[in-house]
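What follows draws every value from the coordinates through simple rules; no lab data is involved. For clarity, every value in this text was computed on a predicted model and none was experimentally measured. Glycine also receives a Cβ, built like all others from the backbone with ideal geometry; neighbour counts cover every protein chain displayed.
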Amino acid sequence: MSRLSFPVLLAIGFGFAFLYVPIIVLVIYSFNESKLVAVWGGWSLKWYGELFRNEQVLDAAFLSIKVAAVSATGAAFLGTLAGLVLARFGRFRGRSLFSGLVAAPLVMPDVIIGLSLLLLFVSLAGAIGWPASRGADTITIAHITLTLSYVAVIVQSRLAGMDQSMEEAAQDLGCPPVKTFWLITVPMLAPAIVSGWLLAFTLSLDDLVIASFVTGPGATTLPMVVFSKVRLGVSPDINALATIIIVVVAVAVVTAVLISRRAERRSAPD
C-alpha cells in the first residue's frame with residue numbers, strides 16, 4: 001500500500017481536529033468551577049449536581065429518550081419491511097410511487113415535514129377527535145415517519161449485497177419460507193437493523209424542528225429545552241448535559257459495533 005502524502009495527512013488531521021477539538025473543549029469546560037463559560041475557574045463537579053437537580057431538564061431528557069426508543073423501534077420494524085419489499089419483491093405495480101414515498105423524508109426539509117404533520121394532526125382532531133392533544137404520541141409518530149426511511153435504505157443496501165445461497169440451501173432442505181426468514185435472513189440482517197435502529201434513535205433524540213411543530217403544552221423534548229437555554233446564553237450545566245450525552249452515545253456506538261461484529265461472525269459461513 002502506498003503511503004499517504006504529507007498534505008493529505010495534514011488535511012485529514014485538520015478535519016478531525018475541526019470536528020473533535022470543540023467537543024473536547026466542551027467536555028473540559030463542563031468541569032469548570034466558574035459560572036462564566038469562557039473563564040476557567042478550576043475543576044469542579046458542581047454543575048453536574050446542578051443539572052441533576054433541574055427537574056425541567058430531567059423530565060425533558062426522560063421524554064426524549066422514551067420517544068426516541070419507541071420511534072426507533074417502530075422505524076426499525078417498518079423500515080425493515082420497506083427495505084425487504086424494495087430489495088426482494090422485484091417490479092410490481094406502484095413500486096415507483098412506494099419507493100418515492102419511502103425516500104421522500106430523506107430529501108424533504110424538516111420544516112415541511114413538521115408543518116405537514118401538524119396540519120394532519122389538526123385535521124384528524126377535527127374529523128375524528130384524535131389526537132385530543134399533541135404531545136409524546138404525536139412526536140413519536142412524526143419521528144417514525146422521519147426515520148423509517150433511513151432504516152429502509154440501510155436494510156435495502158444490506159439485502160442487495162447479501163448472499164442468498166444460505167437461504168436457498170435452507171429451503172432446498174425443506175425449511176419453510178417463513179422459518180427460513182426468521183432463522184437465516186433476520187440474523188444476517190441483524191447488523192443492518194441494529195445500525196438503522198441506532199441511527200433512528202439518534203435522529204429522534206436530536207430533532208428540534210419537527211418536534212416543535214407537532215408537540216403541545218406539557219411535552220417538551222430535551223433539544224427544545226437546550227435551545228431555549230442557549231438563546232439566553234450558554235450556561236455550564238448545558239456543558240455538563242452535553243458531556244453526559246456524548247458519553248451515552250459513545251457507549252451505545254461501541255456496544256452496537258460489538259453486537260454487529262458478533263452477529264457477522266455468527267452469520268459468516270465456516
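When you go through 186, 194, 151, 178 one by one, which is the residue that is among the β-branched types (Val, Ile, Thr) and under 26 Å from residue 112 (Cβ atoms)?
Values: 186 fails: under 26 Å from residue 112 (Cβ atoms); 194 fails: under 26 Å from residue 112 (Cβ atoms); 178 fails: under 26 Å from residue 112 (Cβ atoms).
From the options 186, 194, 151, 178, the qualifying one is 151.
Within the stretch 14-54, if we keep just the residues that are under 27 Å from the mean Cα position of the chain (by Cα) and assigned to a loop (DSSP other than H, G, I, E, B), the residue that is nearest to residue 238 (Cα to Cα) turns out to be 30. Which residues, taken from the stretch 124-155, are part of a helix (DSSP H, G or I) and more than 13 Å from residue 214 (Cβ to Cβ)? Matches in the stretch 124-155: 126, 127, 128, 147, 148, 149, 150, 151, 152, 153, 154, 155. Look at the stretch 107-130: where a residue is closer than 19 Å to residue 150 by Cα and a partner is of a type in the set (S, T, N, Q), sitting 6+ places away or on another chain with Cβ atoms under 8 Å, you get 113/145; 114/212; 117/138; 117/145. Consider the stretch 223-262 and keep the residues that are touching a residue at least 60 places away in the same chain (Cβ under 8 Å) and polar (S, T, N, Q). The one that is nearest to residue 106 (Cα to Cα) is 260. If you filter the stretch 73-111 down to residues that are under 23 Å from the mean Cα position of the chain (by Cα) and polar (S, T, N, Q), you find that the one that is nearest to residue 142 (Cα to Cα) is 73. The condition of being of a type outside the set (S, T, N, Q) and exposed (fewer than 15 other Cβ atoms within 10 Å of the Cβ) holds for residue 101.
A quick yes/no check of all residues on (1) touching a helix residue (DSSP H, G or I) at 6+ places or on another chain (Cβ under 6 Å); (2) in a helix (DSSP H, G or I):
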{"site": "64", "(1), (2)": "yes, yes"}
{"site": "69", "(1), (2)": "no, yes"}
{"site": "76", "(1), (2)": "yes, yes"}
{"site": "85", "(1), (2)": "no, yes"}
{"site": "90", "(1), (2)": "no, no"}
{"site": "98", "(1), (2)": "no, yes"}
{"site": "102", "(1), (2)": "yes, yes"}
{"site": "113", "(1), (2)": "yes, yes"}
{"site": "121", "(1), (2)": "yes, yes"}
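Take the residues in the stretch 137-161 that are over 19 Å from residue 105 (Cα atoms) and surrounded by fewer than 18 Cβ atoms within 10 Å (Cβ to Cβ), then tell me which one is nearest to the chain's Cα centre (by Cα). It would help to see each step written out before you state the result.
Just the residues of the stretch 137-161 that are over 19 Å from residue 105 (Cα atoms), to begin with: 137, 158-161.
The next check asks that each one be surrounded by fewer than 18 Cβ atoms within 10 Å (Cβ to Cβ); those that pass are 137, 160-161.
Details: 137: 17, 160: 23, 161: 23 Å.
Per the criteria, the residue is 137.
Within the stretch 207-222, residues that are within 20 Å of residue 132 (Cβ to Cβ) sit with their Cβ atoms under 8 Å from residues that are among the acidic types (Asp, Glu) and outside any loop (DSSP other than H, G, I, E, B), at 6+ positions apart or across chains, in these pairs: 220/59.
Among the residues of the stretch 168-189, those identified as part of a helix (DSSP H, G or I), of a type in the set (A, V, I, L, M, F, W, C) and either at positive phi or surrounded by fewer than 18 Cβ atoms within 10 Å (Cβ to Cβ) (or both) are 169, 178, 181, 182, 183, 186. Take the conditions (1) closer than 15 Å to residue 213 by Cα; (2) in contact with a Pro (Cβ under 6 Å, 6 or more places away or on another chain); residue 114 misses just one of them, which is (2).
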